[in-house]
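J.: Handing you a structure now.
Read the figures in this text as sums done on the coordinates, not as results from a lab. Given the structure is predicted, the values throughout are model-derived calculations rather than measurements. Quick reminder, even Gly has a Cβ in these numbers, built from the backbone with ideal geometry, and neighbours come from all protein chains shown.
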Amino acid sequence: MADSGIRELPSPPGSESDEDIGQQHASVSPGPSANTPPDNDSDELSSTLVVVPPLDRTVFSSWDEFHLYLADYQRRTYQVYSVRTGTPVTTRNKRIRERYARLGREAPSGELLPESMVTYTKAVVCTHHGKPRSRSHLYYDGILRVDFGKYM
């Protein structure tokens, strides 16, 4: 059978079996063939698409509960997420009050969140999100070139 270029990552120890979960493994596609190592000069690695199972839950009673779930999800899917931005409750409530003030009305208390909630939203992204950034401003092809003439 021909190599489809799709590989599955192993489940972490102690996780459910494929029969219990369905799509527990993260699939990687397209990628270099298992028979040929990736060429470091190619874009094959940077264009690899990783598909992981969706979140089982999307509603949480607190940020602490969300972060505990996210930590478990990261462990199960071999992904690392970071919080990029957050919107404070005070900012959200202020915008709602301003919108109603422009209409000449007072904001209904049911639309305002308690200040004790602190944060209204958080943008959480995978650390592999976006295009890879160059970590060097120098051209490197495996040979380090040094021009000592500039320093003598």
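J.: Explain nothing, just compute: Karplus ³J(HN,Hα) = 6.51 cos²θ - 1.76 cosθ + 1.60, θ = phi - 60°, for every residue of the stretch 115-123 in order, whole Hz, x for Gly and Pro.
T.: Residue by residue, the stretch 115-123 yields 4, 5, 5, 6, 10, 8, 9, 9, 8 Hz.
J.: Given points 7 Å out from each Cα along the Cα-Cβ axis, report the S109 to T91 separation in nanometres with one decimal.
T.: It is 2.7 nm.
J.: Here is a further query. Between T119 and V50, what FRET efficiency follows from the Cβ-Cβ distance if R0 is 35 Å, with the result rounded to 0.05?
T.: Approximately 0.80, to the nearest 0.05.
J.: When averaged across all projection directions, what area in nm² does the alpha-carbon convex hull of the stretch 63-140 cover?
T.: In nm², the orientation-averaged hull projection of the stretch 63-140 is 8.9.
J.: Still on this structure: Residue by residue through the stretch 91-104, what is 3J(HN,Hα) from phi via Karplus (6.51 cos²θ - 1.76 cosθ + 1.60, θ = phi - 60°)? Round to whole Hz and write x for glycine and proline.
T.: 5, 4, 4, 4, 4, 5, 4, 5, 4, 5, 5, 4, 8, x
J.: If you place +1 on the Cβ of every Lys and Arg and -1 on the Cβ of every Asp and Glu, how big does the dipole about the Cα centre of the stretch 63-140 come out, in debye to the nearest 20?
T.: Roughly 480 debye, rounded to the nearest 20.
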